[in-house]
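The values are calculated or read from the model by the stated rules, or taken from the named source; none is laboratory data. Please read these numbers as outputs of a predicted model, since none were measured by experiment. Backbone-built Cβ (ideal geometry, glycine too); neighbour counts: all protein chains shown. Just so you know, the surface numbers come from the protein's heavy atoms only, side chains and all, with ligands and any DNA or RNA stripped out. Shrake-Rupley method; radii C 1.70, N 1.55, O 1.52, S 1.80 Å.
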Amino acid sequence: MSLTIKQSEALAKLYPQVVVIRNDEAFDADGNQVQYDLQAVTTQAEKDDCKATAKAKLAASDWSVLPDVQITNKADFDNYRAILRGYVISPVTNPTWPTEPQPIWG
């Protein structure tokens, strides 16, 4: 079995001594195998993905907070973005993504 790219990135984050990953084996700078918790690595990868997705969704909705945007449902966008910011601050493994509101132009 091989680790996914996201799992490999999470492994490197959780185990900074790891410098080489081959398939599902991790090694330090001296070539010693590093034992790791696959479940912890998978959980970290899922949380990292949650955070990255939330950041992307926030960036895609940045236009809604510009001062010259005249939408009548600004509060809907504020609530939507607050949920996304929560996932950036405290990512989870199985997020329930909010539905992006449709702008109602005023």
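Overview of values
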| read-out | value |
| --- | --- |
| Model label zone, T43; criterion: amide N under 16 Å from point 7 Å along Cα-to-beta-carbon; scope the stretch 66-106 | 90-95 |
| Helix-only [θ]222 nm of the chain, DSSP H runs n ≥ 4, -39500 (n - 2.57) each, per residue, nearest 500 | -15500 deg cm²/dmol |
| Probe 1.4 Å, accessible area per residue of the chain, Å² | 64 |
| For q = 0.11, 0.19, 0.22 Å⁻¹, Debye-computed log10 I/I(0) when each Cα of the chain counts as one equal scatterer | -0.49, -0.88, -1.05 |
| Counting all C-alpha pairs of the stretch 54-106, share separated by more than 15 Å (%) | 44 |
| Carbon and sulfur %, accessible surface of the stretch 1-79 computed with the full protein complex present, 1.4 Å | 51 |
| Karplus (6.51, -1.76, 1.60) ³J(HN,Hα), θ = phi - 60°, over the stretch 27-44, in Hz, Gly and Pro reported as x | 9, 8, 5, 8, x, 7, 5, 9, 7, 9, 8, 4, 5, 5, 5, 5, 4, 4 |
| 5 angstrom amide H check on A26, placed H, neighbours 5+ away | V34 |
| Stretchable slack from D78 to S2, in nm (0.36 nm times residue separation minus alpha-carbon distance) | 23.3 nm |
| Exposure of I104 as accessible area (Å², to 10), given a probe of 1.4 Å and all protein chains | 90 |
| Gap separating the Cα centres of the stretch 42-106 and the stretch 1-36, nearest whole Å | 32 |
| Largest-first ordering by accessible area, 1.4 Å probe, given options S64, S2 | S2, S64 |
| Amide H within-cut-off set for I71, under 5 Å, with H built and near neighbours excluded | G106 |
| Whole-number percent relative contact order across the stretch 42-106, with pairs defined as alpha carbons under 8 Å at least 6 apart | 47 |
| Two-site FRET efficiency, D28 against E100, from Cβ-Cβ distance with R₀ of 35 Å, rounded to 0.05 | 0.20 |
| Burial ranking of peptide ranges 9-22, 87-100 (average Cβ count within 10 Å, highest at the top) | 9-22, 87-100 |
